[in-house]
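What follows is one structure encoded as structure tokens, with my remarks underneath.
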Amino acid sequence: MIKSRLIKSFLLFIFIIALVACQEKKVKENIQFPSTDLAVENIIPKPFKTIATNSAFGLDERTAIFTSQNSNGFPEVGQFLSEKIKEKINISIPVNASISETVERIIYINQSDSLDLTTKESYQLYITKDSVIINSKTAEGAFRGIQTLRQIIPETSNDTLTDHKMWLIPTGKIWDHPNYVYRGAMLDVARHFFSVKDVKKYLDVLAYYKINILHLHLSDDQGWRIEIKSLPKLTEVGGKTEVGGGEGGFYTQDDYKELVNYAAQRHITIVPEIDMPGHTNAASVSYPFLNGNGKQVKPYTGTRVGFSTFDARKDTIYAFLDDVIREISDITPGPYFHIGGDESHVTKKKDYILFVDKVEKIVQKYGKKMIGWDEIVQADIDTTTIAQHWSNQSNALTAVRKGSKVILSPAKKAYLDMQYDTLSKFGLHWAAYIPVDTAYQWSPGKYLKGIQSKDILGIEAPLWSETISNIEELEYLAFPRIIGYAELGWTTEENRDWEDYKVRLGNQTPYLEMMDVKYYPSPKIDWKKKSVPIPMGKD
């Protein structure tokens, strides 16, 4: 079956290339495009290898997109590209339509079994004067490839040689693959709630920069944000509060499934987090039998941490968690379930260890790999469990000694809720001030002594929401720093350089403005346009 599919795709590819080459020769054999340089394009994350051939592919209404057929997800990738081209330059490119006399150039998204494609996200991008070819083993790899292509399509027509508008794309070759398989952003929707619309917008921009994980912090002391049908009070009671006394909010299971599907269309995996045994006041207010700190529980809208805990000695706690983990796992196709586990200061150590051991078994029961903040390594965790480093280096080392992988989210480098500087309007600074250059200039593979790249699953940039309550404030803290974290996760260390990166970052302005992203216009960056928001801080 696979062999037959590949043969059919190859024959279609040969047919299209031959036909288009013939038409191109007939229609445009005398046109000489201006010299270009693919190697200096403002691509983020920077590709593994780029070779420029100094001519151009003329994108216009006479271009068509074709994809491998009967291949899982490839036609959808082609349709996604067509829609994004329409959004950017307002031309309609047909996808897998019949060949017509008006087609002069093609974009072909090809499923390939090349041995040079070493990972499921690897892609090859070949651009000539009459064709753009993206090779990948999977639709996920093809999707990463079209993000690169999107970034090198100019915003305005830059052709003066023809009688109609063309958008000239530099020719050349790109071979690319990710440095880490896990490249994440975390959004805290528990302290302040963010709507489905807001999260979708965030997903759109994350996908453009090849981030493949969105970790949703769905519960905390201040609010419970996901419907559990067998436990309705979690949202009826726990979903109505947030920091500062706002109205809160929650996702119905249909809302959550809508987000999961939207993310999947962008080849992003949603990782749900239910924080426990600490950070659990909202759950205990909803169901008081959960409470283990010996004090009366009531709604909490402040920002203090460490005062709440589940009662780790009650069997009813684990029955409750079985329902929660089962319902969320049933609507989460991704492989991970995050149990939190940090800052559980009032939980006795022996109770904490007992709790993590029991919850790990529940997570595994429903077919998921457990992730937890690095404190979970105090328990006898399985080698499939992943520790997310945020503060304690010795915990990360312990995780590796136990055979577990580590996600790097060091607060001093990767926390998006840290202020840029002393003048920043939003954010905190208990870990550090993190200006744009500090966010970029560190090496995940060398950050923790004793931990090698092979021990690291990837990196994640968390955005805690104590000080923000709407999408504009979220964007101010996340952008442009999350763009740099995207490059840290994808691009190899030898290909990363601050002086080069800050130029490419400054040239992201047209995209960010098209997406109406209210980013922080750091004075450390020479932004391509000046129609940016007035800085709220100075780094």
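Side notes on the structure shown:
- Tally of residues being under 30 Å from Tyr476 (Cβ atoms), part of a loop (DSSP other than H, G, I, E, B) and not charged (D, E, K, R) across region 402-421: 6
- Members of region 54-92 that are surrounded by fewer than 17 Cβ atoms within 10 Å (Cβ to Cβ) and in contact with a Gly (Cβ under 9 Å, 6 or more places away or on another chain): Asn54
- With respect to being in a helix (DSSP H, G or I), closer than 21 Å to Tyr182 by Cα, in contact with a Phe, Trp or Tyr (Cβ under 6 Å, 6 or more places away or on another chain) and not acidic (Asp, Glu), Lys454 falls outside the description.
- The residues listed here are Thr316, Thr303, Thr309; of these, the one that is of a type in the set (Val, Ile, Thr) and under 24 Å from Ala387 (Cβ atoms) is Thr309.
- For region 66-107, the candidate set comprises residues that are part of a strand (DSSP E or B) and within 26 Å of the chain's Cα centre (by Cα); within that set, the residue that is farthest from Ile169 (Cα to Cα) is Thr67.
- The test for being part of a loop (DSSP other than H, G, I, E, B) and out of contact with any His (no Cβ under 7 Å at 6 or more places or on another chain) holds for Arg191.
- The lone exception for Ser157 - which of (1) small (Gly, Ala, Ser); (2) in the same structural domain as Glu460 (by TED's automatic domain parsing); (3) farther than 22 Å from Thr491 by Cβ it fails: (2)
- Selection within region 481-520 - aromatic (Phe, Trp, Tyr) and either within 24 Å of Gln419 (Cβ to Cβ) or not in a helix (DSSP H, G or I) (or both): Tyr485, Trp498, Tyr501, Tyr519, Tyr520
- Qualifying residue in region 325-347 (condition: touching a strand residue (DSSP E or B) at 6+ places or on another chain (Cβ under 7 Å) and either free of Cβ contacts under 8 Å to residues at least 12 places away in the same chain or loosely packed, with under 15 Cβ neighbours inside 10 Å (or both)): yes
- Residue check for Gly239: in contact with a Gly (Cβ under 8 Å, 6 or more places away or on another chain) and at positive phi: no
- Matching residues in region 366-401 - criterion: being small (Gly, Ala, Ser), closer than 18 Å to Pro462 by Cα and in a helix (DSSP H, G or I): Ala396
- Test: residue in region 500-507 that is β-branched (Val, Ile, Thr), in the same structural domain as Tyr420 (by TED's automatic domain parsing) and at pLDDT 95 or above: yes
- Annotation note: Cβ proximity below 6 Å between a residue of region 441-470 that is farther than 26 Å from Phe426 by Cβ and a residue that is among the aromatic types (Phe, Trp, Tyr) and part of a loop (DSSP other than H, G, I, E, B) (sequence gap 6+ or interchain) occurs for Gly458/Tyr180.
The values are calculated or read from the model by the stated rules, or taken from the named source; none is laboratory data. Computed from a predicted model, the values in this text were never measured in an experiment. Cβ sites come from the backbone with ideal geometry, for glycine too, and all protein chains shown count toward neighbours.
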